[in-house]
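The values are calculated or read from the model by the stated rules, or taken from the named source; none is laboratory data. Source: prediction; values computed, not measured. Cβ sites come from the backbone with ideal geometry, for glycine too, and all protein chains shown count toward neighbours.
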Amino acid sequence: MIIDKADVVVTSPDRNFVTLKITTDDGLTGLGDATLNGRELAVVAYLTEHVVPLLIGSDAAKIEDTWQFLYRSAYWRRGPVTMAAIAAVDMALWDIKGKAAGMPVYQLLGGASRTGLLAYGHASGKELPELFDSVREHLEKGYRAIRVQTGVPGLKAIYGIASQGAEQGEPGVRYDHEPARRGAQPVQEDWDTRAYLRHVPGVFEAVRNEFGPEIPLLHDGHHRMTPIQAAKLGKSLEPYDLFWLEDCTPAENQEALRLVRSHTTTPLAIGEIFNTVWDFKDIIREQLIDYVRGAVTHMGGISPLKKTLDYAAMYQIKSGMHGPTDVSPVGMAAAMHLGLAIHNFGIQEYMEHGQRTNEVFEQSFSWQNGMLHPGDKPGLGVELNQDEAGKYPYEQAYLPYNRLADGTVHDW
Ligand code: KDG
Ligand code: MG
């Protein structure tokens, strides 16, 4: 199992994806997701210029050794570009090992700890009727847990609302909340935290009144609040029994969570933009969070995220792996295998990929009655259709950013 070839494939069926395909001398292939939303080509350069040349001729069986070599030999460790590139290698090598063993990756990780993965979908609406319709659509599709994002009176465009995209006239298919937009400049959105804090508790009250107390409801604060604002929101949402409040404060200031935690029992989830266990170390040990949001693609792969989740398990902290549409079907498959195997699985984010994406990536996962399963094909269970991928060249795209009413740039 010597690595003969490693190709970096960029394709944009509905959105941009970066995929690493490793081929061994005995003809096995493995796929890894290296998609970093809005900065895709930086990872392509890191892979093609610095990682692929190091892989050729090395032993594909040595997953841990290869990971440690790529992480430590760079000297400049961590960071989203580096870790997305290393993640793709790690995933591809697990895929190859599974194929060599004739087993799905979850078997190599210890076997299934459950029959399927509870997944949550994204409901959103600018106004309540539209939000209720979106929740209903998700329930009809079988979702058993739902993230609720809402418009805020006075703000034209904010994160997480599906319908606002059409008005902004961006070309191409738009997923339910996919925030990245094609074009040479990022789109500006607007923000007012006080207006948001006044509005959101009433929305959750209305959703609970309409849909009852049982359905797990989630909400994403998307890093926008100060610690005291986040504490206030957590407290005001307590009567509506959220499954979690996500990214309530910007992720860099981890101490902020101590303050939030001391004021509210609303469960907290964080970490979709974290890239190593070091980002989680203190907040796990101090039990400042309830769910680890790291994505396999952005945390350096299956190997390091499994270690992080095993560490979290010591503190009864569970997984809530990031699963937006910018995590490719390969990254999603890796999350499903890992989620099925670990003991402390919590919930899996799931946004459905578009049809073109599903034609480029042939997948074997199942989605039934609100539960995901990665399937039983050897490896990760995803194959890249390179003819289809070739039809969709890279298109420049950026995530939006926020400005306050007075023009100040704010966390998005
Ligand atoms: O690329 C950015 C998105 O992945 C992010 O905005 C989605 O916050 C997100 C979520 O919870 O899915
Ligand atoms: Mg989020």
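Only a single item in (1) among the hydrophobic types (A, V, I, L, M, F, W, C); (2) in a helix (DSSP H, G or I); (3) over 21 Å from residue 148 (Cα atoms) is not met by residue 296, and it is number (2). Taking (1) within 22 Å of residue 276 (Cα to Cα); (2) touching a residue at least 24 places away in the same chain (Cβ under 8 Å); (3) among the hydrophobic types (A, V, I, L, M, F, W, C) in turn, residue 45 satisfies each apart from (2).
With the condition kept exactly as written, say whether any residue in region 289-310 is away from ligand 1 (no atom under 16 Å from the Cβ) and among the hydroxyl-bearing types (Ser, Thr, Tyr). For region 289-310, residues away from ligand 1 (no atom under 16 Å from the Cβ) and among the hydroxyl-bearing types (Ser, Thr, Tyr): present. Residues of region 281-290 that are under 18 Å from residue 347 (Cα atoms) and surrounded by 24 or more Cβ atoms within 10 Å (Cβ to Cβ): 289 alone. Taken over region 19-43, the criterion of being of a type outside the set (D, E, K, R), assigned to a helix (DSSP H, G or I) and crowded, with 20+ Cβ neighbours inside 10 Å is satisfied by 43 alone.
Kindly check whether there is at least one residue in region 52-69 that is under 18 Å from the mean Cα position of the chain (by Cα) and outside any strand (DSSP E or B). Scanning region 52-69 turns up no residue that is under 18 Å from the mean Cα position of the chain (by Cα) and outside any strand (DSSP E or B).
Just to confirm my filter: which strands (runs of 3 or more DSSP E) fall fully inside region 176-269 and include at least 2 residues that are aromatic (Phe, Trp, Tyr)?
Working: elements: 188-190, 217-220, 244-246.
Result: empty, no element qualifies.
Does residue 314 satisfy the condition of being over 21 Å from residue 238 (Cα atoms), modelled with pLDDT of 95 or more and either within 16 Å of ligand 1 (Cβ to nearest atom) or in contact with a strand residue (DSSP E or B) (Cβ under 8 Å, 6 or more places away or on another chain) (or both)? Answer is no for this residue. Within region 204-226, the set of residues being touching a His at 6+ places or on another chain (Cβ under 9 Å) and more than 15 Å from ligand 1 (Cβ to nearest atom) comprises just one member, 204.
Condition first: over 20 Å from residue 295 (Cα atoms), free of Cβ contacts under 8 Å to residues at least 40 places away in the same chain, in the same structural domain as residue 193 (by TED's automatic domain parsing) and of a type outside the set (Gly, Ala, Ser). Can you find one or more residues in region 141-155 that meet it? Even if it seems obvious, please write down each step before you answer.
Just the residues of region 141-155 that are over 20 Å from residue 295 (Cα atoms), to begin with: 141-144, 148-155.
Keeping just the survivors that are free of Cβ contacts under 8 Å to residues at least 40 places away in the same chain gives 141, 151.
From the residues that got through so far, the ones that are in the same structural domain as residue 193 (by TED's automatic domain parsing) too are 141, 151.
With the extra rule that they be of a type outside the set (Gly, Ala, Ser), the set shrinks to 141.
Yes.
Any residue that is within 30 Å of residue 17 (Cα to Cα) and assigned to a loop (DSSP other than H, G, I, E, B) - is there at least one of those in region 303-311?
no
When residue 329 is tested against (1) within 16 Å of ligand 1 (Cβ to nearest atom); (2) more than 30 Å from residue 136 (Cβ to Cβ); (3) out of contact with any Asp or Glu (no Cβ under 7 Å at 6 or more places or on another chain), only condition (2) is not met. Selection of region 120-161 for residues being of a type in the set (A, V, I, L, M, F, W, C) and either crowded, with 19+ Cβ neighbours inside 10 Å or within 15 Å of ligand 1 (Cβ to nearest atom) (or both) yields 123, 131, 135, 145, 146, 148, 152, 155, 157, 158, 161.
The residue that is surrounded by the most Cβ atoms within 10 Å (Cβ to Cβ), counting only those in region 301-322 that are without any contact (Cβ under 8 Å) to a residue 40 or more places away in the chain and within 16 Å of ligand 2 (Cβ to nearest atom), is 321.
Taken over region 103-119, the criterion of being over 22 Å from residue 90 (Cα atoms) and among the β-branched types (Val, Ile, Thr) is satisfied by 115 alone.
Among residues of region 334-352 being outside any helix (DSSP H, G or I) and within 16 Å of ligand 2 (Cβ to nearest atom), the one that is nearest to residue 312 (Cα to Cα) is 346.
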